[in-house]
Amino acid sequence: MNALELISLNKSFGAQKALDDICLSVPTGSRTVIVGPSGSGKTTLLRMIAGFEFPDAGSLTLNGQVLVDSTHAVPAYQRQIGYVPQDGALFPHMTVAANIGFGLALTGTAREERIKALMDSVSLDANMANRWPHELSGGQQQRVSLARALAQQPRLMLLDEPFSALDTGLRSAMRKMVARLLEDAGVTTILVTHDQGEALSFADQLAVMRGGRLVQSGHPMDLYRYPDDEQTAHFLGEAVVMPARIESGLAHCDLGPVPVNSNGFSGNAQIMLRPEQLQLSGAVAGNHGCPAVVTERDFAGNTCTLTVELRSPVSQDLGRSLLVRSSGMHAPPPGSDVQLSVLGAAHVFAVS
Amino acid sequence: MLPETLPAQVAAASSASLRLKPRALTGRGGSWVVALAVGVSLLSLLPIAFVLGVSWATGWATIEALVFRPRVAELLINTVLLVLITLPLCILLGTALAWLTERTNLPGRRLWSLLAVAPLAVPAFVHSYAWVSLIPSIHGLPAGVLVSVIAYFPFLYLPVAATLRRLDPAIEDVAESLGLKPWAVFFRVVLPQLRLAICGGALLVGLHLLAEYGLYAMIRFDTFTTAIFDQFKSTFNGPAANMLAGVLALCCLAMLTVESAARGKARYARVGSGSAREQRTVLLSRGTVMLGLGLQGLTCLLALGVPLLTLGRWLIAGGVEVWGGGELLPALLQTLSFGVAGALLTSLAAIPIAWLSIRAPGKLQRLLEGCNYITSSLPGIVVALALVTVTIHFARPIYQTTLTVLLAYLLMFLPRALVSLRAGFAQAPVELENIAQSLGRSPLRALWLITLRLAAPGAAAGAALVFLAITNELTATLLLAPNGTRTLATGFWAMTSEIDYAAAAPYALLMVLLSLPLTALLYHQSRRTAGR
């Protein structure tokens, strides 16, 4: 069952096309992440779902109710859609409790208890209730903003880069807390971000936007492994892309023959491997890997990214340069001779 | 995200006014705001329409004879010199005092900041009265500039101080981290952010200079407005006064154009995250402290000491008998009721235009604001004259009623409410209104609960300014008030016209006392930043 349906949404600002024929279904209870570089139109799309913007054409339905179509538009205040912007946007003239209680219809002790419960749910200490927004840290402001949006029991929760103002450690902790909280509350969530790591980790459904168009959507793992095009591949993580000749389930490329998921396609095409699919071993004579030389080592603690150059088995000349991920403990130093082998299948881009 | 959201807001706002029904209802703001703003502005066009209509009726030959003559050139030079000398002095003084009281460790800065607002409690023509009775020979341009600066600099001090208090301190931190010295931070980062406040304040002062009658009449300095008044007194409703008013209207148009160019297109809603932190304080050296104290002390002596000493002298000289006669109390009550009603009416009328100017700046909104500025920059006597003519011809039942007086106040003092309200609205990011809507509040409720609350200090400042203006208003009240009503200002003017300075003193004292609590409130409100 889909909670939210976006059907052919279009929006232009002057000559600039902000949204170009956007179609997307968001299943009930899911966490959908819209990811894209800045200026891709993802914030416009989110604001349109919230009801702060209206499309030039197209329609939008939530749980079967039409929110916007060509003749009709439900204003933001009747949508019951929670919205948490990047900077929290707390009302500066209200205390934490007043901010959280803003959307509540309750009064008296029932109201106080609900506010207390909401503060508890976002792990805010009860004695913060009477603080002012300017006395809170960025993370605390974000929690208040989230509690405020949750208070009205939204049918849908929209998060606009809510973690980008937080520091790294806090960011992943907040992300996990928010994900768990929304899942427990059973709230369908849409998050917008430009951070692919955040997107892959938070999403059950990922939608990639570029230049106002929704270029691909699906399960994050599928998008990561089987992107439709090279740009998406690079946007979602480091990628090794090279030309190959495909023949009966094998790609013949600089790495030698590599298995592919080509569905019977044969001919010339671009293939993609993720760096973690390439495995390194020491250069042992008679091994079946592809010989290479380590040229650069980027140590990052638990992992290490190596740049290697392939050595043609025939001429011994240095060839294509590739990224390989390796455990930080056993990373060979630059200059080492290594063997490369491929785990799993390479992905073939459709020939355009 | 900025490039995405900025055009989005503009587009949404314009679509709200142009699109089909559902969009107009749901798009930010909605067409009713536009309708209200247009309504208020059309009303404010009344005096202009009157001037144009009268010019049309007069004919070109007569206009030429009345406008192109040495007397008009002389008045023009007087008025332009007054503006060109007074405005920079007011900006310098207002900004310097605001910086000293808001951003330095000057001893007693709370008190100084109160004292910098206090001169507003003394009506301009009472300042003039004080100086004339202190130095009877004082007259002409130098006297005009002196009294004008003293009477009007708080109009710059107030918005500049309020803005200084609300700037995002992080921006200054960043500037300093980019290697700017403290003075460079002030000139390159702080001052540009004060532009809106300085432009607004300067326009307000400039319009006063063009419209004030009592101040200049008393020190015998001829400006357009005094000349129009004299002309009117000698030839009731004659073409000469109307043609001078036409030239004056052109001057106001020029001033409006300059201000609008200086203000630019920048919008000043804070874009940073969360809520702002405390402002930081500059530690002054001993020498600078002395200099600062000297400036504050001298300003205080001239702007408060002189009027209070003179008033005290006349009150002692007049003794108990000037308080008798039974005319004082009714005048006080009359002034109070005019002031409260006028301030409420004007503030309410200003809300739609102020809101449009921040949330949907565009050609329409500038046109509307322009209408209001031009009207309010016309001298009170022209507004009054227009209302007299129009009510006699088209609305006889409201001729010489309180309603007409309040209408004149609305037309004359709308920009006071507008400037403060606009600055207030600029402090309330549109995103907060959006959030309130996403939490189930209708656009109107969101406006009330969030934007108007955040703009409340600005709105209160605006209402207080209007109240002050009404308690001190002279010319329009003289002309429009129903027969037999006497306010403090018209009572004071009647006494001074008879050179009975001692009998005028109680009226002046009451006007000052009446303005004091509001000046204090204004001071208090402007000190409060949101949430503190």
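The values are calculated or read from the model by the stated rules, or taken from the named source; none is laboratory data. Note that the structure is a prediction, hence the values are computed from the model and not measured. Positions of Cβ are backbone-derived with ideal geometry, glycine not excepted, and every protein chain shown enters the neighbour counts.
Just a few scattered comments:
- If you filter the range A:216-234 down to residues that are crowded, with 19+ Cβ neighbours inside 10 Å and of a type in the set (G, A, S), you find that the one that is nearest to A:Q205 (Cα to Cα) is A:S217.
- Which listed residue, of B:L406, B:L411, is away from chain A (no Cβ under 12 Å), surrounded by fewer than 24 Cβ atoms within 10 Å (Cβ to Cβ), in contact with a Leu (Cβ under 9 Å, 6 or more places away or on another chain) and under 30 Å from B:C199 (Cα atoms): B:L406
- The sole residue among B:A130, B:A98, B:A116 that is crowded, with 22+ Cβ neighbours inside 10 Å and out of contact with any Pro (no Cβ under 7 Å at 6 or more places or on another chain) is B:A98.
- Look at the range A:1-21: where a residue is closer than 14 Å to A:G211 by Cβ and touching a residue at least 24 places away in the same chain (Cβ under 8 Å) and a partner is of a type in the set (G, A, S) and crowded, with 22+ Cβ neighbours inside 10 Å, sitting 6+ places away or on another chain with Cβ atoms under 7 Å, you get A:K11/A:A18; A:S12/A:A18; A:K17/A:G212; A:A18/A:G41; A:A18/A:G212; A:L19/A:G41; A:L19/A:G212; A:D20/A:G212.
- Residues satisfying the stated conditions in the range A:58-90, i.e. under 22 Å from the mean Cα position of the chain (by Cα) and within 8 Å of chain B (Cβ to nearest Cβ): A:I81, A:G82, A:Y83, A:P85, A:Q86, A:D87, A:G88
- Test result for A:V258, at pLDDT 90 or above and either part of a strand (DSSP E or B) or not assigned by TED's automatic domain parsing to the domain that holds A:V308 (or both): no
- Test result for B:V160, touching a helix residue (DSSP H, G or I) at 6+ places or on another chain (Cβ under 7 Å), outside any strand (DSSP E or B), closer than 20 Å to B:A217 by Cα and among the β-branched types (V, I, T): no
- When A:G29, A:G41, A:G36 are checked against the criterion of being buried (at least 24 other Cβ atoms within 10 Å of the Cβ), farther than 9 Å from A:G212 by Cα and not hydrophobic (A, V, I, L, M, F, W, C), a single residue qualifies: A:G36.
- Within the range B:80-109, the set of residues being modelled with pLDDT of 90 or more and hydroxyl-bearing (S, T, Y) comprises B:T86, B:T95.
- If you go through the range B:425-450 and keep only what is within 10 Å of chain A (Cβ to nearest Cβ) and within 22 Å of the chain's Cα centre (by Cα), you end up with B:Q427, B:A428.
- Which numbered condition B:H524 fails, given (1) part of a helix (DSSP H, G or I); (2) more than 26 Å from the chain's Cα centre (by Cα); (3) not hydrophobic (A, V, I, L, M, F, W, C): (2)
- Number of positions in the range A:148-199 that are in a helix (DSSP H, G or I) and either touching a Ser or Thr at 6+ places or on another chain (Cβ under 7 Å) or within 11 Å of another protein chain (Cβ to nearest Cβ) (or both): 9
One line per residue, one yes/no per condition, for (1) in contact with a Lys or Arg (Cβ under 8 Å, 6 or more places away or on another chain); (2) modelled with pLDDT of 90 or more:
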position	(1), (2)
A:L19	yes, yes
A:V33	no, yes
A:G36	yes, yes
A:G51	yes, no
A:L60	no, yes
A:A73	yes, no
A:A97	no, yes
A:R114	no, yes
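- Listed by first and then second residue, the pairs with beta-carbon distance under 7 Å, at least 6 apart or on different chains, first residue in the range A:33-46 and more than 9 Å from every other protein chain (Cβ to nearest Cβ), second among the acidic types (D, E), are A:L46/A:D160.
- Here A:E135 passes the criteria (1) touching a Leu at 6+ places or on another chain (Cβ under 8 Å); (2) without any contact (Cβ under 8 Å) to a residue 60 or more places away in the chain except the one numbered (1).
- Per-region count, the range B:60-95, residues polar (S, T, N, Q) and either buried (at least 21 other Cβ atoms within 10 Å of the Cβ) or not in a helix (DSSP H, G or I) (or both): 3
- Search result, residues across the range B:396-439 that are free of Cβ contacts under 8 Å to residues at least 24 places away in the same chain and among the β-branched types (V, I, T): B:I398, B:I435
- Screening B:E498 on (1) more than 14 Å from chain A (Cβ to nearest Cβ); (2) crowded, with 24+ Cβ neighbours inside 10 Å shows it passes everything except condition (2).
- Flag if B:T402 is within 22 Å of B:A504 (Cα to Cα) and either touching a strand residue (DSSP E or B) at 6+ places or on another chain (Cβ under 7 Å) or not aliphatic (A, V, I, L, M) (or both): no
- With respect to the conditions (1) assigned to a helix (DSSP H, G or I); (2) farther than 21 Å from A:L4 by Cβ; (3) more than 14 Å from every other protein chain (Cβ to nearest Cβ), A:R143 lacks only one, and its number is (3).
- For the range A:49-66, filtering for residues that are of a type in the set (V, I, T) and within 17 Å of A:Y83 (Cβ to Cβ) leaves 1.
- Test set (1) within 27 Å of A:E112 (Cβ to Cβ); (2) buried (at least 17 other Cβ atoms within 10 Å of the Cβ); (3) without any contact (Cβ under 8 Å) to a residue 40 or more places away in the chain - A:R180 fails condition number: (2)
- A:E247 vs. criteria modelled with pLDDT under 90, within 29 Å of A:P291 (Cα to Cα) and within 16 Å of the chain's Cα centre (by Cα): no
- Qualifying residue in the range A:148-167 (condition: out of contact with any helix residue (DSSP H, G or I) (no Cβ under 9 Å at 6 or more places or on another chain), surrounded by 14 or more Cβ atoms within 10 Å (Cβ to Cβ) and in the same structural domain as A:G36 (by TED's automatic domain parsing)): yes
- Residues (more than 24 Å from B:A505 (Cα to Cα) and hydrophobic (A, V, I, L, M, F, W, C)) located in the range B:277-326: B:V282, B:L283, B:L284, B:V289, B:M290, B:L291, B:L293, B:L295, B:L298
- When residues in the range B:133-157 are screened for being of a type in the set (G, A, S) and part of a loop (DSSP other than H, G, I, E, B), 1 of them pass.
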